[in-house]
Amino acid sequence: MPIPHRKASKPEDDGVAAFLEVVWLEPARMFYAALLLIDSRGCPLEFVYNSSAAPAGFLWPEAQVRRFALPALVHTLFAACRREPDLLIGSTNLGEPQFCRTELAPSIPFAQVEEETPEAPEQWTWLNSPPSPVMRAHTLALTLQQRGLTSEPLQRVRAGLREAFPHAAW
């Protein structure tokens, strides 16, 4: 006879979080970007990645290159994603909050996480309106924080980029 137990919900039912990272390798003038989607327990659901050579020459000052190339690359990841996440979490490598709000412009709750250092604890900044308590993204954000899954997935994204682009000068 089976033992009665509480059946856990499917992790995807609790929400899906997307973790976004962009790495700029200046010597090669390349941007590498990836998006890792995980469920509320941290299990990977999808990984999409892409790269882009930065335009060069006197017509492309460094600040202009980032303002043009980074959003174009990130939007290719958004378009390639097969699932629609409830929450987007990006690293501080993406740029200033105002730049991320206006140029990346996701329509889902979007937070930027500053990873923990010996001098400072991990810090979240909501780049658009934080999810309201009735949204699945609100509960998902709290669950990820309780499980320590707010910056660790960004490390997985960077490891995935190194594996996807083994010839890059990491």
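The values are calculated or read from the model by the stated rules, or taken from the named source; none is laboratory data. Computed from a predicted model, the values in this text were never measured in an experiment. Counting neighbours? That spans all protein chains shown, and the Cβs are built from the backbone with ideal geometry, glycine included. The area values use the complete protein model at the heavy-atom level, side chains included, leaving out ligands, DNA and RNA. Shrake-Rupley method; radii C 1.70, N 1.55, O 1.52, S 1.80 Å.
Numbers for the structure displayed
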{"item": "Unit charges on C-beta of K, R, D, E only; dipole of segment 14-131, Debye", "result": "520"}
{"item": "Centre separation in Å (Cα based) which lies between segment 70-140 and segment 35-63", "result": "13"}
{"item": "Percent RCO, i.e. relative contact order, over segment 94-170, from Cα pairs under 8 Å lying at least 6 residues apart", "result": "21"}
{"item": "Antiparallel bridges, percent of DSSP beta bridges restricted to segment 19-170 (to nearest 5)", "result": "75"}
{"item": "10 Å-binned pair-distance histogram of the chain (Cα, whole percent)", "result": "10, 37, 34, 13, 4, 1, 0, 0"}
{"item": "Relative packing of peptides 54-64, 129-139, 34-44 - highest average C-beta neighbours within 10 Å first", "result": "34-44, 129-139, 54-64"}
{"item": "Ordering of 26-32, 79-85, 119-125 by burial proxy (mean other Cβ atoms within 10 Å per residue, highest first)", "result": "26-32, 79-85, 119-125"}
{"item": "DSSP beta bridge pairing in segment 67-129, given as percent antiparallel to the nearest 5", "result": "50"}
{"item": "P(r) tail fraction, segment 81-158 - alpha-carbon pairs more than 18 Å apart, %", "result": "42"}
{"item": "Carbon/sulfur fraction of accessible area - segment 79-170, other protein chains in place, 1.4 Å, %", "result": "49"}
{"item": "Structure-based [θ]222 nm, the chain - -39500 (n - 2.57) summed over DSSP H runs of at least 4, per residue, nearest 500", "result": "-8000 deg cm²/dmol"}
{"item": "Average Cα contact separation per residue, the chain, under 8 Å, 6 or more apart, as relative contact order %", "result": "24"}
{"item": "The chain, accessible area per residue, ligands and nucleic acids excluded (1.4 Å, Å²)", "result": "57"}
